[in-house]
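Let me begin by presenting the structure, written as structure tokens, before commenting on it.
The values are calculated or read from the model by the stated rules, or taken from the named source; none is laboratory data. Predicted, not measured: the structure shown is a model, and the values here were computed from it. Glycine also receives a Cβ, built like all others from the backbone with ideal geometry; neighbour counts cover every protein chain displayed.
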């Protein structure tokens, strides 16, 4: 019997471009996983996913090329590691992403992310939503990631600024500030109120940004405030701390660069051993598709060891911050081979472009978030040639302000795009 791929989305599963294969996405609260979990994921990849994995721009991990008959076994193997893919795709609350380069407040962020994931993952009240619902926690507003979430949380004073109704895709829209300095005890009730309004007023297939476009910011605020528990204050959680990653010490944070988030399983095993030795046994998948560690000792020796493990960042591709979605390499929606394109772009960059933050998305869904990078590339469509072949066309974004980036050029061929990059200096 053929699989109902649509119904499998709630399990974090999408179809691959080749018949009979699926992609399974693992939710990691705040991008955090333990060294034993990392080894377990690597073993699953070796058995079921061609020995490789993909680190996403939301701090999740994807396993590609899983045979459809193996999907249930992979789900069971993840459960044995204390991990889940439930709600990582489909109309549900997605994985809780976190970002912020070297945030000293990461333990607080990790704790909140874990509570949010427990609250919403597998909760029938918040599944079968009109479309995906994304929550992100950001150490500050500098990276603009809070602007593209359904709910974006930015620590401020004794609480969090709450931004809502952002999103990218074919019609990008920056979110707006709903409330300032919301106490942590109010975060879950307020998000539940937002979700109930969203579920009641958005048509199927539409994000929260559609609701605010239809009714306006003021009306949406009133509907959220009218929910009976929108102002409820929950008691602080009892018990042991929810955070596991060591607090950031003076010598700080170290990242293993992973080009395009494409990491072989044996590389993850090496990083797991490194985490046990230098990072308290914990790894962080970052929004820039790297693996980070909060060091438990001075960084000179671990930095040298990371290089000996093959993560020294010596190559130019690893030195440039470049978020990359799987594109047509592995995604049914992909219009362009994103990793190949990124290497071409990097090879043609001048010194100015080389110190910027880049992103390339293989389709208008904008999974690599090109609109919030310093420079972003988006495959916007295909053009049919005289010989019947199809070639991608691109938009080039630049962001020099606080909001979303603006299109510099449109309908560029690959060569025209590369010429535009070279002209940036």
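Across the range 178-188, a minimum of one residue is classified as surrounded by fewer than 19 Cβ atoms within 10 Å (Cβ to Cβ), over 27 Å from residue 402 (Cα atoms) and in contact (Cβ under 8 Å) with a residue 60 or more places away in the chain. Only residues that are surrounded by 19 or more Cβ atoms within 10 Å (Cβ to Cβ) and out of contact with any helix residue (DSSP H, G or I) (no Cβ under 7 Å at 6 or more places or on another chain) were counted in the range 79-90, giving 1.
Would you confirm whether any residue within the range 353-360 is within 21 Å of residue 25 (Cα to Cα) and either within 23 Å of the chain's Cα centre (by Cα) or not assigned by TED's automatic domain parsing to the domain that holds residue 273 (or both)? Walk me through how you get there before you give the answer.
Filtering the range 353-360 down to residues within 21 Å of residue 25 (Cα to Cα) leaves 359-360.
Narrowing further to those that are either within 23 Å of the chain's Cα centre (by Cα) or not assigned by TED's automatic domain parsing to the domain that holds residue 273 (or both): 359-360.
Yes - at least one qualifying residue is present in the range 353-360.
Looking across the range 248-267, the residues that are touching a strand residue (DSSP E or B) at 6+ places or on another chain (Cβ under 7 Å) and on the phi < 0 side of the Ramachandran plot come down to 248, 253, 254, 255, 256, 258, 262, 263, 264, 265.
So which residues in the range 117-129 are part of a helix (DSSP H, G or I) and under 22 Å from residue 201 (Cβ atoms)? Give the steps one after another, and end with the answer.
So in the range 117-129, the residues part of a helix (DSSP H, G or I) come out as 117-120, 124-126.
119, 120, 124, 125, 126 - these are the residues of the range 117-129 that are part of a helix (DSSP H, G or I) and under 22 Å from residue 201 (Cβ atoms).
Residue under question is residue 152, and the condition is that it be without any contact (Cβ under 8 Å) to a residue 24 or more places away in the chain, within 24 Å of residue 399 (Cα to Cα), outside the structural domain of residue 398 (by TED's automatic domain parsing) and buried (at least 18 other Cβ atoms within 10 Å of the Cβ); does it hold? In short, yes. Looking only at the range 383-399, decide whether some residue is in contact with a helix residue (DSSP H, G or I) (Cβ under 8 Å, 6 or more places away or on another chain), within 17 Å of residue 322 (Cβ to Cβ), modelled with pLDDT under 95 and not assigned by TED's automatic domain parsing to the domain that holds residue 25. Yes - at least one qualifying residue is present in the range 383-399.
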